[in-house]
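Have a look at the structure below, then the notes.
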Amino acid sequence: MDTGRTTRRRSATLILIGIVGAVLFAQSPPALSDPRDDKRRVDAEMARAGALLEAATTRAQAAAQQLTAANEALPGAHERVGEARGRVAAATGAALSARREVAAAAVDLDRANSSLDAAKAKVDGAREELGNLVTAAYKGSGIVTLNVLVEARTPTQLADRLGYLDFVVNTQRAALDKVLVARLAAKQASNVAVLAQRRAAAAQEAADAALADARLEQAGAERAAADLAVLSQQRTDALAVAAQERTETLARYDELKAESERVAEELRDWEARQQQRGPVAAPVLRPGAKLLMPVQGWKSSDFGMRYDPYYGVWQLHAGVDLAAGGGQPIYAAADGQVTRAGWNGGYGNYTCIYHGRFAGRSMATCYAHQSEILVDEGQRVRRGQLIGRVGTTGASTGYHLHFEVRLDGTPVQPLDWLPICLC
């Protein structure tokens, strides 16, 4: 058989399992409106992942936490990258539009300057023409005009010569009007040129600002893409570690299952010995009655079969986890006798109390992960008696009490026996 091919196929399967896990852990869409909501959601998902893999190796647990955090952050990172790229596109478009405005303003400015130059040339020409007429008048044209009138011999000549004089006067007036019109046109051309210059300057300023915005948005997009790349790499690294820890983690799962089965067998043996010694204890609960809440806390993980998406296996969580602060008191849920009080592998510091028979079956409660055990094996305890303190010993990822209810040694749903309010 091709060992290398088998190994590659197995690795591919592990990666696929990890991807399925990523999908499962990313069921809830991210609430991006409030970063505090993001943190609470990620913390909750990481706590769930930690509870799911509390029997796994330390490296596998850390990988699960890293993968969960990456999976929770990836949707937001993708969205930020998309938004950043959209802003880059918008800013780039604005910069291009601004550059077109600069080019158009430059054309308008050139035209305005050309019109201004032409208007100035007309002013200069009109001034020169008017100046020539003024110079001629200054040199004696008035005496010449008088001589023209005096030398007229007939009325017809006089009329002709008066018409000529009117022509001369009109020519002078036209030259003056031409100067005035040219000056007005030059002034208007100057105003247009000034406005064109202002538009060109404003367009250039807007183009510079748009280009700066585009560069800023591009830098933001690059940072967002870098963050996304880091998260993707974290996810890849976590999947690789999970694959490396598969064998040892599955062995720990099997060990925890064996521990639970040993507890069940010990409870059955303990009751059998009690029966040999005499009558078995009377039931401590009436039908419909509830056990005492063993600790003041909140449910962080439920009882039942749980699927591990990292390793593709089902495992029984034999109790309910009640999160509480380290060192908080743990109370006996009912009267009974301690059958076990000591270290028990993945359960850490573990206590079991036998409560007699209920509906034809023996009943016991068990308390795991304690920081301190305050009772001894064989000791009789009363309901509400202090029996230990909350800890995180054994296969535990945080302070909590793992609480079990066992009938004939077999774990059953503890919530059926506790107050609905868990108080």
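The values are calculated or read from the model by the stated rules, or taken from the named source; none is laboratory data. If you're wondering where the values come from, they're calculated on a predicted model, not measured in any experiment. Backbone-built Cβ (ideal geometry, glycine too); neighbour counts: all protein chains shown. Areas reflect the complete protein model, heavy atoms only, side chains present, ligands, DNA and RNA absent. Shrake-Rupley method; radii C 1.70, N 1.55, O 1.52, S 1.80 Å.
The table below gives the values:
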| quantity | calculated |
| --- | --- |
| Options 342, 360, 356; residue that is free of Cβ contacts under 8 Å to residues at least 24 places away in the same chain and over 44 Å from the mean Cα position of the chain (by Cα) | 360 |
| Sole residue being open to solvent by less than 10 Å² (accessible area, probe 1.4 Å), in contact with an Asp or Glu (Cβ under 9 Å, 6 or more places away or on another chain) and not in a loop (DSSP other than H, G, I, E, B), chosen from 339, 365 | 365 |
| Failed item, numbered, when residue 376 is tested on (1) in a loop (DSSP other than H, G, I, E, B); (2) buried (at least 17 other Cβ atoms within 10 Å of the Cβ) | (2) |
| Residue within segment 262-272 that is touching a residue at least 40 places away in the same chain (Cβ under 8 Å), part of a helix (DSSP H, G or I) and within 48 Å of the chain's Cα centre (by Cα) present | yes |
| Hey, residue 323 in contact (Cβ under 8 Å) with a residue 24 or more places away in the chain, crowded, with 21+ Cβ neighbours inside 10 Å and within 48 Å of the chain's Cα centre (by Cα) or not | no |
| Selection count where residues are open to solvent by 30 Å² or more (accessible area, probe 1.4 Å), of a type in the set (Val, Ile, Thr) and closer than 16 Å to residue 348 by Cα, scope segment 379-423 | 3 |
| Condition met for residue 74 (surrounded by 15 or more Cβ atoms within 10 Å (Cβ to Cβ), in a helix (DSSP H, G or I) and either modelled with pLDDT under 70 or touching a Gly at 6+ places or on another chain (Cβ under 8 Å) (or both)) | no |
| Residue 31 vs. criteria at pLDDT 70 or above, among the hydrophobic types (A, V, I, L, M, F, W, C) and farther than 24 Å from residue 324 by Cβ | no |
| Number of positions in segment 345-362 that are crowded, with 24+ Cβ neighbours inside 10 Å and on the phi > 0 side of the Ramachandran plot | 0 |
